[in-house]
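Quick notes on the structure that follows.
The values are calculated or read from the model by the stated rules, or taken from the named source; none is laboratory data. All of these numbers come straight from a predicted model, not from anything done at the bench. Positions of Cβ are backbone-derived with ideal geometry, glycine not excepted, and every protein chain shown enters the neighbour counts.
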């Protein structure tokens, strides 16, 4: 059962900054009594949320950290920044190693 105000987003809650957290967070994007977005808010947290509004589609939210990762962008409809990476098995490190789950590593390490 969801408990509004405990700081964890649970079933039927859109946001939950906790009773204390909402008071410390101007502007209050989340209503601490209902755990729903406050009037006029599109989001409450996340890399793709800025001052209770969703960042525009195409805005960079995470840079690629190596050749097996890809730069991620806000999609304009979610506060979450997806964590994508190149396909497993893609060659890296001058074709000596391969990408496995977003990390360049020896093919032997996958076994």
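Some points to look at:
- Residue among 17, 29 that is in the same structural domain as residue 3 (by TED's automatic domain parsing), surrounded by 18 or more Cβ atoms within 10 Å (Cβ to Cβ), closer than 11 Å to residue 5 by Cα and at pLDDT below 90: 17
- Restricting attention to the stretch 52-69, the residues being within 16 Å of the chain's Cα centre (by Cα) and either closer than 28 Å to residue 6 by Cα or buried (at least 16 other Cβ atoms within 10 Å of the Cβ) (or both) number 7.
- When every residue of the stretch 53-68 is checked against the conditions, none turns out to be at pLDDT below 95 and under 30 Å from residue 28 (Cα atoms).
- Among residues of the stretch 49-64 that are in a loop (DSSP other than H, G, I, E, B), those with a beta-carbon under 6 Å from a residue that is surrounded by 15 or more Cβ atoms within 10 Å (Cβ to Cβ) at least six positions away or on a different chain give the pairs 52/29; 52/41; 55/48; 55/74; 57/75; 58/73; 59/74; 64/70.
- Residue match in the stretch 72-79 (condition: part of a loop (DSSP other than H, G, I, E, B), farther than 29 Å from residue 18 by Cα and in contact (Cβ under 8 Å) with a residue 24 or more places away in the chain): no
- Taken over the stretch 91-104, the criterion of being surrounded by fewer than 14 Cβ atoms within 10 Å (Cβ to Cβ) and touching a residue at least 12 places away in the same chain (Cβ under 8 Å) is satisfied by 101 alone.
- Those residues of the stretch 32-45 which are under 16 Å from residue 18 (Cβ atoms), surrounded by 18 or more Cβ atoms within 10 Å (Cβ to Cβ) and under 21 Å from the mean Cα position of the chain (by Cα), in sequence order: 35, 44
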